[in-house]
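Since the structure comes first, as C-alpha cells, the remarks are kept for the end.
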Amino acid sequence: MEKQIHCFLCILILLATNSLCVNKTMNSEELLICMQNIKKVFYTDEVETRALAGIELDIRQGEYLSITGPSGCGKSTLLSLLGLLDTPTEGRYRLAGSEVADLSIADRAHIRNKEIGFIFQAFNLIGDLKVIENVELPLTYRPGVSRKERRDRALESLERVGMAHRLNHYPSQLSGGQQQRVAVARALVGQPSILLADEPTGNLDSRNGEQVMLLLEELHKHGATICMVTHDPRYAAMAERQIFLFDGQVVDEEEMQRLRDEEDRRVRELAMADRSA
Amino acid sequence: MQDFRYAARQLLRNPVFTIAAILTLALGIGAVAAIFTVLRGVVLDPLPFPDQDRLVRLTSPVPGIGESARWDLSNAQYFHFREHADAFDRVGVWQITGQTAQVSDEAIRAISAIVSTDMMALLGAQAAHGRVIGPHDNRPDAAPVVMLSHEFWQREFAGDPAVIGRSLELEGQTLEIIGIMAPGVRLPGDSGLSGQVEQPELWTAMRLDSAGPFFNSHVFLGMARLAEGVSVERAEDEISRVTARLPEVFPEVYDEGFIDQFGFRTQLTPLKAFELGDMAGHLWLLFGAIGLVLLIALANVANLFLVRVEGRHRELAVRAAVGASRGAIARHVLMEAMVLAGLGGILALLGASLGVRLLVANAPEILPRMDNVGLDAGIVLFVVSVSVLAGLALTALVLARYRNDPVADVVGGETRSATAGIDRQRIRAGLVAGQVALALVLLVGAGLLIQTYQKLGDIDPGFEPEPVIRMQLHLPNAQYRNHAAVWRFHGELMERVEALPGVVSASVGNPLPISGEYLCVAQDFDSAIPADRVRNGDETACGDLVVTAPGYFETLGIPVLAGRTFTHSDLDHPDTGAVVVSETFADRFWPGEDPLGKGVRPMMMPGDPPQYYRVIGVVGDVPEASLEGPKPAAIYYPITPKPGEGLPLNPSLNLHLIVNTGQAARLDLIPAIREIVQVLDASVPISLVGTLGDDVADSKSQVSFIMTLLAIAAIAALLLAAVGLYGVIAYLVARRTNEIGIRMALGATPRRVERTVVAGSMKMVGLGLIAGLLAAMLLTRLMHGMLYGITPGDPGTYLLAAALLAAIGLIAAYLPARRGARLNPVAALREE
C-alpha cells in the first residue's frame, strides 16, 4: 500500500515537473532546452561526489549563453549532460520538445548527431582523417545522406569558417586556430539545434582565441544557438546571457561575486594563520 | 653494462610484456631450431664416408621394361666399369641378404653384407679388432672370411676379443672371423625402395671371378668414387659410352638389340641425393614452414615492442632533450631487444631439445639418418645467430619508427591528433597483414596435406590388410635345395597354422602387397599380338613377379575376377604350369581378350626347352609400394616351377607366411605360430613379424609426419596471428579512445563504433588474406610431389583457410571493438 502511494506521488511529481517545461514551452515556443532539478553524482571508490546539485536551466532557440565558474564547479559535467554525453542522476531534461534524460545509448547518439554540435577545447579532430573527412564525419552517422550531399555540406561548412582552402590537409598540418575553425565547421555541418562549446579558446593564443570568438558571434548573429563554457570573463561577457555555476548550482551574478569574495577571504585567513604559526 | 642493467630493470617492471615476448620468441626460435636440427642431421651433414661428395650410386634404368624400372648392376657391368671407366677412382658392389648363422648351437637370422673389393675403402671401413676385408679375400679361391658388426659382436659374443680367428657357420658354410667392424660403419641407404636399409650384422667377401661366367642378372648394388676433378655429368657421359660397348665385350650377356629395345643405360646419382630421395625437399619445405612461424612470432613481438616503446616515448624524448644522442637511445632499445631475444633464445634451446627428442621418437621409419640428429654446439650457434638477428630486427623496426627526432614526437603535434600517427599505424597494419598472410600460407599447406591424407585413407587398397599377420621365414639353402622341399615345408606349415583356433586361412608368398619389393621380370608370350607389341615398343615386357601358394589371394582378400586360384594340386603337380595374373597384367598384354588359357613365361628363363605357363585366373590389383602409387602388372607363379625349369629366384625364396585371423589381426596367435615353425624346423629363423595393417599405415607415414608437423605449424601460426591481431587491435582501440569519444560525441552509436573498429581491423586482415593467397599459390607449388588427389591450387582449400582466418580476425577485432563501444564518451574525450 505504501509502495502504491509512493508511486502515485511519483506520477504526480512527474506530471507537475513535466507540465512546467510544457508550460514554459507554451509560454515561449522558442524554448529549446529545459533542465529541471538536474543532479549528477559520481561514485568512485565509495566516495560520493556531487557534481551538480539541482540545476534549473532553460535555453531558448537562437540564444547565446555562457557558463562560467571556478574549476570543479561542474561546468563540464553540465555541458556533458546538455550534449547527451552523459545522463543525469536525477532530474528532467527536455531537448527540442522531447524528453531525453532517460534515453538509451543509441537513441542519445541519434539525437546528439541531429541536434547538437560540439566544439572542444582540444579541437578533437581525428588525426588520420583529412580536414574534409573530419567535417563530413557527423553526416556519415546520419542515414540517408548521400556522399555528394555530405561533401557539399562539408564544403559549405568549411567555407563558412574560412577553411575551404585546406580541405585536403591533415589536422597535424594546421595551426591551433585553424584546427578549431575546422572543429567549428564540423559542429555546424549537421545543422544542429545547438552548438555546445567547451572552453573553445582554451588551447589557443589570444589572437586565435579572439578570432574563434568572433566566429561564434557571427554564427549567433545568423541564428545559431550557442552554449559555451569558459573561464575567461571577457569571452563570457560576449554572450547574451551568462550563467554562473558554483558548487554544482546555478547562482546569480551577485551571489557569485559574494561567494568568490568569501572564498578569497577564507584563503587569505588561512594563509595568514599559516604564516603566524 | 649500465644499459644492460637499465634494460633488465625496464623488463622486470613490465613482467606481462616481458613474459609474452620471451615466450613468443622462444616458440618461434625453438621450433625453427628443432626442425633445423633434423634438416642438418638428415640433409646438410655430409655422409659418413670419405670423399662423400665424390661418391655416386650406379643403377641401370630400363625404360623399355617399365617407366620406373631401375635395375642394379650385373657382374659384367662391374668388371667392365672397373676396367674401362676412367671417370671412376674406385667401383664397388655389394649385396645385402638375410642369412642363417649358427651361434652357440642356435640358428640366428643375421643381416649379411657381401661386399666386393674396394667397398671397404669406399665406405672408409675400419676394424675395431682384427682386420677389414682385403682384396685378397675377394679372390674366387680365397678362404671364406667374415667380419662381425660391433653390435652383433657385443650382442652375440659379449664383446669377446678372442672371437677373432674363430669360425662362424653361415648358411652351412664355415667362415673365419677376421675382424670386428668399428662402430658406425654402414652401407649407403636407399630411400627410393623400402626405406632405411637394414644395416649388416655380418660382412663377408664377395668372390666374383673376372673370368666369368657373366649373366644379365642385375643383382649387385653398385657405387663408385669419381676420379679427382671429374663431375657427375662428365662421368655419366663416359659411362654411357662404356655401357654402349657392353655387347661388344660381353656378347654372351648383352646384345645391341636388348640395349636399343629396352633403352638400357647406366645412371649416376650423387650418393646423398640417392639416399635422401624426396625427403630432402620435404624437410626443406617443413623448415620453410616453420620459418614462417618464426616470422609471425617476430611480427608479434615487434608489435608488442613498438607498443611498449611508444608508451615510453615521453621518457625517450626527455632523454633526448637532456642530451642523449640518437645512438644512446638506439643502444637502450637495442639492449632491451637483445635481452628479450637472449632470454627467448635460451628458452628456445630447451624447447628445441624437447622438440628434437619428440621428432626423433615419432619420425617415420623411412626418414633416413635420424641417428645423426641431435643438438650440439652448431645448433647452439644457430639459435644464438637467430636470436641476435631477431634482436637486431626488433631494434631496426623501432628505430625506423623513431627515425625523426624523438623530442619532436612529444613537443610536436602529437597531442593535437586523436589517433596514432599514420606511419605507426602503417607499420602495425603491415605487421598484422604480414602475420595473416604467413598464417594463410601455412593453413593452405596444412589443409592440402590433410586432404591428401584423407584421400589416401579413402583409397581402396584392393586387398584386406587389417586381419593379416605376416612374418618372413628364412629356409636355410643347405637344407632346402629344391622347390619341392620348400613346398613340403610350407604346405605342412600352412596346414598346421590353419588348424589354430581363430585362424581363417594361411598361405605363403613373396612379395606382399605394398612392400615395394616387386621384382620386374620380362615376360615372354605364346601369342603373337603381345609379343609384337613388346617388340614394337608399344608396351614393356615387364611383369611384376610374385611367387605364391594356395590360399594366398583368399588370405589377403584379393578378389578373383575370372577363373580360379591355385590349389594344392597345382603345386603338387607343377607340370600343369598354372599361373594367375592381375587385372592390370591382363589388360596390358591381352586387352579386350579373355586371358584365361593364354601362355606366358619369364623371359630368358634357364631351362630347355621353354614351356609356357597357362593363365588359370585373373585377380584384382594391389598397390606395389604405396596406396597412391602405381598398381603392379603382377604375375603370380606357384612356388614350385615346372619340372626342369627354375624361376629366377633362390629356391628357399624367403617367403612370407600370411595368416588371416578374421576381423582384426590377432597378435596373440604369433607365439603359437612361432612354435609351429620351431617344431617343423628349429633352424628356420623368423623375421619381419607384423601386420599388413601396419604396412598400410607405414605407407602413409611420410605424408602423416609432414602433415602433422605442418598442421602444428599452422595451428601455432593461427594462434600467434590471432593473438597478434587481438593485441594490435586492442592497443589501437586503447590508443583511439579519444577518437572513439569524438565519434560518439558526433553521434556514432555503439554499434557504429564497433563497425568502424571492426571494419578498420578487417581491412588489415583483408590485405593479409590477399597477400597470403598470392603467396600460397606460389609456395604450395613446391608441395606438388607430396599431394595426392588434390592440386596445389585447390580453390576449396584456399577459400576454407581464408574463411577460417577471416573468422578468427573478426573475433580478434570484435572483442576490443565491443570494449571500445562501451566506453563512456565523457571519459573517452578526456583521454589523450
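The values are calculated or read from the model by the stated rules, or taken from the named source; none is laboratory data. These numbers were taken from a predicted model, which means no experiment stands behind them. Here the Cβ is made from the backbone with ideal geometry for all residues, glycine too, and neighbour counts use every protein chain on show.
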Matching residues in segment A:98-133 (facing chain B (nearest Cβ under 7 Å) and of a type in the set (S, T, N, Q)) number 2
Of the listed residues (A:A185, A:A109), the one being in contact (Cβ under 8 Å) with a residue 40 or more places away in the chain and touching a helix residue (DSSP H, G or I) at 6+ places or on another chain (Cβ under 7 Å) is A:A185
Original post:
Can you find a residue in segment A:142-149 that is outside any strand (DSSP E or B), within 13 Å of chain B (Cβ to nearest Cβ), among the hydrophobic types (A, V, I, L, M, F, W, C) and within 24 Å of the chain's Cα centre (by Cα)?
Top reply: no
B:P685 vs (1) in contact with a helix residue (DSSP H, G or I) (Cβ under 8 Å, 6 or more places away or on another chain); (2) more than 14 Å from chain A (Cβ to nearest Cβ): all pass except (1)
Being more than 17 Å from the chain's Cα centre (by Cα) and among the hydrophobic types (A, V, I, L, M, F, W, C) narrows A:V212, A:V251, A:V229 down to just A:V251
When every residue in segment B:709-755 that is out of contact with any helix residue (DSSP H, G or I) (no Cβ under 7 Å at 6 or more places or on another chain) and within 18 Å of B:L438 (Cα to Cα) is compared, the one nearest to the other protein chains (Cβ to nearest Cβ) is B:L719
Discussion item. Can you say whether A:L125 is in contact with a Cys (Cβ under 9 Å, 6 or more places away or on another chain), surrounded by 22 or more Cβ atoms within 10 Å (Cβ to Cβ), in contact (Cβ under 8 Å) with a residue 60 or more places away in the chain and hydrophobic (A, V, I, L, M, F, W, C), as far as the supplied structure shows?
Written reply: no
State whether the residues of segment A:79-97 include one that is within 11 Å of chain B (Cβ to nearest Cβ), surrounded by 16 or more Cβ atoms within 10 Å (Cβ to Cβ), in a strand (DSSP E or B) and under 18 Å from the mean Cα position of the chain (by Cα).
no
Being surrounded by fewer than 11 Cβ atoms within 10 Å (Cβ to Cβ), part of a helix (DSSP H, G or I), at pLDDT below 80 and out of contact with any Phe, Trp or Tyr (no Cβ under 7 Å at 6 or more places or on another chain): is that true of A:D261 here?
no
Of the conditions (1) more than 29 Å from A:P192 (Cβ to Cβ); (2) within 11 Å of another protein chain (Cβ to nearest Cβ), the single one that B:M762 does not satisfy is (2)
Counting only residues in segment B:221-270 that are of a type in the set (F, W, Y) and in a helix (DSSP H, G or I), the one modelled with the highest pLDDT is identified as B:F262
Restricting segment B:815-832 to residues that are within 10 Å of chain A (Cβ to nearest Cβ) and not in a helix (DSSP H, G or I), the one modelled with the lowest pLDDT turns out to be B:E832
